[in-house]
Amino acid sequence: GRTYTYCFEDNWPWLGDYDMNDVVIVSRIDRMMSKDGGKVSALTINWELRAAGTTYDIAGAVQMDKVQTSDVAGVVSSHEGFGSGAFASRGLDADSPCAVIPFFNRTEELLSASNTWKGQPAAAIRKHTTTVTFSQPVDIASVLDSEMNFFIAPKQRTSEIHMPGYAPTASGIIGKGSFLPSDPYKFFVTEGDQTKNNYMMWALMIPGEFRYPAETNDIRGVYEYFMAWASSNGAEHAEWYLESADAGRIY
């Protein structure tokens with residue numbers, strides 16, 4: 001599996017400071033192939049919470065968009081400090097048709113500091129594993145990295161924040177008004193504007209280890225080509241996160 005960094009802004013449906021460091025999760029997924037080699041019998045999500053530049057109680061989880069809850073035989077997590085919050089337990093979320101696997105209910109379970117303020121002491125980062133065993137082996141296409149719908153839930157479960165193009169769980173509420181109903185996690189300054197103002201999002205999935213902005217530093221001003229990438233729908237500067245950046249504003 002490849003390593004990815006998932007970055008979230010917690011003020012959906014408002015813009016906030018847009019520093020994309022309110023929750024930063026780094027993950028890599030290992031898949032156990034069935035004996036015939038054609039399907040996956042289990043997978044282990046290796047994850048760690050790197051930053052939590054938020055003042056909210058935020059839960060973190062992943063929905064497997066192409067795996068049904070009934071397809072999961074069991075979930076085992078190394079994170080034993082799972083407290084009360086949006087999810088009933090650290091095991092499989094029984095209320096969702098698609099398999100939803102919680103990681104934590106509050107960021108404070110894992111980090112004693114935000115890890116977003118430059119010059120301040122950093123909290124230790126703990127590595128965790130969450131192993132999902134399937135009742136019957138599933139097609140590998142259903143558990144690709146692209147089918148892993150990482151999300152957060154600030155304050156309450158209904159306020160889920162997902163990446164653009166990914167649907168909320170059965171417990172999430174889709175925003176109205178300035179949002180395109182088919183893609184609620186993109187912001188439209190003007191309703192129906194398909195070219196100029198549709199590039200704002202509240203979550204990013206970035207290949208590899210990502211140096212996220214320091215607290216209150218808008219990512220649009222930190223990474224020079226972020227806006228060119230976003231407004232071109234990914235056609236320009238696809239590796240903006242590896243290109244020119246203001247090092248003084250990166251954590």
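A short reminder: the numbers here are calculations on the coordinates, not readings from a lab. Note that the structure is a prediction, hence the values are computed from the model and not measured. Don't worry about glycine lacking a Cβ; one is built from the backbone with ideal geometry, like all the others, and counts go over all protein chains shown.
Some notes on this structure:
- The trypsin sites (Lys or Arg not before Pro) found in the range 1-106 that occupy coil by DSSP, while having at most 11 further C-beta atoms within 10 Å, are Arg2, Lys35.
- Annotation: amide H of Ala73 within the under-5 Å range of Thr133, Phe134, Ser135, sequence separation 5 or more or interchain, hydrogens built in the peptide plane.
- Cross-link partners of Lys35 among aspartates and glutamates (Cα-Cα below 19 Å; sequence separation of 8 or more within a chain): Asp71, Asp139
- Net charge dipole, the chain: roughly 440 debye, given to the nearest 20, about the Cα centre with Cβ charges of +1 for Lys and Arg and -1 for Asp and Glu.
- Per-residue ³J(HN,Hα) for the range 90-107, Karplus 6.51 cos²θ - 1.76 cosθ + 1.60, θ = phi - 60°, Hz, x for Gly and Pro: 7, x, 4, 7, 6, 8, 10, x, 8, 5, 10, 10, x, 9, 7, 9, 8, 5
- Above-threshold pairs, the threshold being 29 Å between Cα atoms, out of Lys39/Lys186; Lys66/Lys186; Lys39/Lys155: Lys39/Lys186; Lys39/Lys155
- Dipole of the chain, positive end: most advanced residue of Val100, Phe82, Ser112 [Cβ charges, Cα centre]: Phe82
- Neighbourhood net charge (12 Å Cβ-Cβ; Lys/Arg +1, Asp/Glu -1) for Glu48: +3
- Of interest is the spacing of the C-alpha centroids, which for the range 117-159 and the range 1-68 amounts to 3 Å.
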